[in-house]
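What follows is a short report on a single structure.
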């Protein structure tokens, strides 16, 4: 697929068959390796798979995962829509829109509050072919108070996305670092959840809270909701601590942890500052290769088209 208009990789051209360079759960824990096919078939027809990227803890890589997984899926021929559902609007900034440029009009907050708004008019093109997005806005912070008395407020996002559900193969929702009204809306609208989790001990408690919230959603507003995977992020190969936490997570949730691991690299911060995914900013970097492998793993597991 062609590169975006902004810039091509600052490193070497994109390459494949380098999975051995990447941190992987099976290899690090001495388990039988998983072989994920390089060749990915075209997506099946039908409505989009809606995925929330969620964790009530901030700074674990939710926005990084939303942007770069989306870009990697688009490279695989998927039509991708990203939704910035966080009042910090970090995803919006990470796609090149600066705070002073981010007006309320056309944002996801505007769409939620105007029943006459046309969601298609709010969809923006990213610099990655096949990947669109809807902006977030700081006024999303008012959602708790604004929607408190509304009937069926948990279903607002699902209804909003309904007219475009067949226009995309994958819709990724970057959730706020809380388990309030916005996250409940996102989970109610989703088929599945990806939980980025930093490899440090305090994150394990937060993981339990997320899983409890998911169970509540399944019992009340979305019985079909699934956990697609727990994604180990900010992994540091040099520390025993990261490996110990990874082993603890994998032992507690053996069927839910992705084999692909996202290791620490300065390239993520650099790509964010340039307003583009790492897959275009540093196409052959380990970070870019990791998210490409994650995209293939998600499809291989049957959790994405």
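The values are calculated or read from the model by the stated rules, or taken from the named source; none is laboratory data. Since the structure is predicted, the reported quantities are computational estimates derived from the model, not experimental observations. Don't worry about glycine lacking a Cβ; one is built from the backbone with ideal geometry, like all the others, and counts go over all protein chains shown.
Screening 133, 85, 100 for residues that are exposed (fewer than 14 other Cβ atoms within 10 Å of the Cβ) and within 28 Å of residue 273 (Cβ to Cβ) leaves exactly one candidate, 100.
Of the residues that sit in segment 176-195 and are under 14 Å from the mean Cα position of the chain (by Cα) and at pLDDT 95 or above, which one is nearest to residue 239 (Cα to Cα)? Applying the filter and picking the extreme gives 195.
Screening residue 198 with (1) modelled with pLDDT of 90 or more; (2) buried (at least 18 other Cβ atoms within 10 Å of the Cβ) gives one miss only, at (1). If you go through segment 35-51 and pick out every residue that is buried (at least 16 other Cβ atoms within 10 Å of the Cβ) and farther than 30 Å from residue 176 by Cβ, you end up with 2. Of all residues in segment 273-295, those satisfying the criterion of being touching a helix residue (DSSP H, G or I) at 6+ places or on another chain (Cβ under 8 Å), surrounded by 22 or more Cβ atoms within 10 Å (Cβ to Cβ) and in a helix (DSSP H, G or I) are 278, 279, 280, 281, 287, 288, 289, 291, 292, 293, 294, 295. Being on the phi > 0 side of the Ramachandran plot and out of contact with any helix residue (DSSP H, G or I) (no Cβ under 8 Å at 6 or more places or on another chain) is a property that does not hold for residue 70. The sole residue among 226, 218 that is touching a residue at least 12 places away in the same chain (Cβ under 8 Å) and surrounded by fewer than 20 Cβ atoms within 10 Å (Cβ to Cβ) is 226.
Restricting to segment 262-272, name every residue that is surrounded by fewer than 24 Cβ atoms within 10 Å (Cβ to Cβ) and part of a helix (DSSP H, G or I). Those that are surrounded by fewer than 24 Cβ atoms within 10 Å (Cβ to Cβ) and part of a helix (DSSP H, G or I): 266, 267, 269, 270, 272. Does at least one position in segment 246-260 carry a residue that is closer than 28 Å to residue 71 by Cα, out of contact with any strand residue (DSSP E or B) (no Cβ under 7 Å at 6 or more places or on another chain), in contact (Cβ under 8 Å) with a residue 40 or more places away in the chain and part of a helix (DSSP H, G or I)? No, there is no match, as no residue in segment 246-260 is closer than 28 Å to residue 71 by Cα, out of contact with any strand residue (DSSP E or B) (no Cβ under 7 Å at 6 or more places or on another chain), in contact (Cβ under 8 Å) with a residue 40 or more places away in the chain and part of a helix (DSSP H, G or I).
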